[in-house]
Amino acid sequence: MSLFWFYTREYDGIGDGTVDQWTEESVIRGLNTRKIGVKCLVLEETGSTNDQARRLAEAGAEEGTVVLAERQLQGRGRLGRRWASPQGSGLWFSVILRPEIRPEEAAGVVFLSAAAVCGALKEFTKLPCFLKWPNDILLEGKKICGILAEMNGTSERINHIVVGVGINVNQRQPDFPEELRGKAGSLAMASGVEWDRIALLREVLRSLDREYEDFLKFGFACALSRWRSLCGMFGQQVRIDCQGTVVSGTALDVDGQGRLLVETPNGVERISAGDVSLVKEA
Ligand code: BT5
């Protein structure tokens with residue numbers, strides 16, 4: 001089943017001259033996680049790792065299986081938007097989860113994943129990354145990571161959830177399509193150095209493993225409290241595009257179901273879905 005792809009790259013100017021070894025083995029060896037990363041499929045190129053992971057999940061792949069691609073040709077975000085996934089500079093991967101929870105609790109997976117990735121990025125880089133509702137990660141006001149969680153199941157039960165994570169690691173501004181240049185950033189752009197992508201991936205997988213375990217044990221409230229501690233938009237002026245309707249006000253908090261509470265001139269509104277822009281950046 002595994003398609004191994006061996007990738008080597010000399011570091012440009014930093015590091016100790018070691019090379020990235022993108023193999024299943026290099027990703028999961030000594031990872032010491034309980035679930036996340038039990039198996040890893042490394043692809044040179046694919047349409048979308050979420051689609052690959054969905055196909056594997058439908059064929060019975062184990063919980064915690066990771067699908068990673070060096071380049072995505074049809075990387076996507078929410079509502080079918082495109083996700084720029086060029087070769088050699090980011091981390092584009094998806095994880096298969098099979099939580100034994102009710103479908104209405106599945107939103108917890110979105111929050112635990114965002115908190116896990118943001119926590120790992122902060123820990124690994126010491127850069128001031130923060131969360132923007134519900135699951136974007138920003139650094140210096142630019143989006144450096146997006147997460148796309150897709151559920152398969154019925155109103156009664158979840159078959160699987162695929163959590164797709166896209167992290168901009170070593171891109172420079174010209175690597176982004178022109179329309180993203182003002183709003184997309186990367187760890188390298190903010191820090192001036194290139195990062196070891198495999199080491200970062202392993203940190204993220206470990207963090208996901210811990211947060212997932214806690215979510216299964218302690219529930220949505222636990223994931224939300226971790227998410228809150230990494231959120232950088234409370235108290236800020238926001239503008240939320242809810243598919244046509246626009247809500248403007250001050251972001252206050254999230255409620256127990258993860259809805260965003262916004263103080264507006266008409267009172268506090270609860271937002272279930274939408275695109276948030278920070279009117280004044282953090
Ligand atoms: C997201 O959607 O932010 C979720 C992105 C998830 C990508 C991962 S990569 C691995 C896995 N496989 C996939 O096919 N997807 C997942 P959304 O909130 O809808 O944001 C999409 C918007 O972000 C686009 O419309 C652009 O404006 C912007 N964007 C696109 N590519 C970007 C990039 N590389 N960095 C920052 N912003 C980007």
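The values are calculated or read from the model by the stated rules, or taken from the named source; none is laboratory data. The model shown is predicted, which means the values in this text are computed figures rather than measured ones. Positions of Cβ are generated from backbone atoms using ideal geometry, with glycine treated the same way; all protein chains shown enter the neighbour counts.
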Within region 193-204, is even one residue in contact with a strand residue (DSSP E or B) (Cβ under 7 Å, 6 or more places away or on another chain) and more than 14 Å from the ligand (Cβ to nearest atom)?
yes
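Can you name the residue in region 28-47 that is more than 19 Å from Arg197 (Cβ to Cβ) and touching a Phe, Trp or Tyr at 6+ places or on another chain (Cβ under 9 Å) and is also surrounded by the fewest Cβ atoms within 10 Å (Cβ to Cβ) among such residues?
Here the residue is Arg34.
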Hey, does region 59-67 have a residue that's near the ligand (Cβ under 9 Å from one of its atoms), over 20 Å from Ala184 (Cβ atoms) and either modelled with pLDDT under 95 or surrounded by 22 or more Cβ atoms within 10 Å (Cβ to Cβ) (or both)?
yes
Which of the residues belonging to region 78-111 are within 13 Å of the ligand (Cβ to nearest atom) and not in a strand (DSSP E or B)?
Arg78, Leu79, Gly80, Arg81, Trp83, Ala84, Ser85, Pro86, Gln87, Ser89, Val110
Within region 112-133, is there a residue that is more than 16 Å from the ligand (Cβ to nearest atom) and either part of a strand (DSSP E or B) or touching a Ser or Thr at 6+ places or on another chain (Cβ under 6 Å) (or both)?
yes
If a residue has to be part of a loop (DSSP other than H, G, I, E, B), under 13 Å from Trp133 (Cα atoms) and over 21 Å from the mean Cα position of the chain (by Cα) to count, how many in region 256-282 make the cut?
0
Any chance you could count how many residues in region 239-269 are touching a residue at least 40 places away in the same chain (Cβ under 8 Å) and either in the same structural domain as Ala115 (by TED's automatic domain parsing) or of a type in the set (Lys, Arg) (or both)?
1
For the structure I just gave you, tell me whether Ser186 is within 16 Å of the ligand (Cβ to nearest atom), among the hydroxyl-bearing types (Ser, Thr, Tyr), surrounded by 15 or more Cβ atoms within 10 Å (Cβ to Cβ) and in contact (Cβ under 8 Å) with a residue 12 or more places away in the chain.
yes
Considering Phe176, Phe220, which residue is among the aromatic types (Phe, Trp, Tyr), within 15 Å of the ligand (Cβ to nearest atom) and surrounded by 18 or more Cβ atoms within 10 Å (Cβ to Cβ)?
Phe176
Consider Asp136 carefully, then state whether it is closer than 27 Å to Gly64 by Cβ, near the ligand (Cβ under 9 Å from one of its atoms) and in contact with a Lys or Arg (Cβ under 8 Å, 6 or more places away or on another chain).
yes
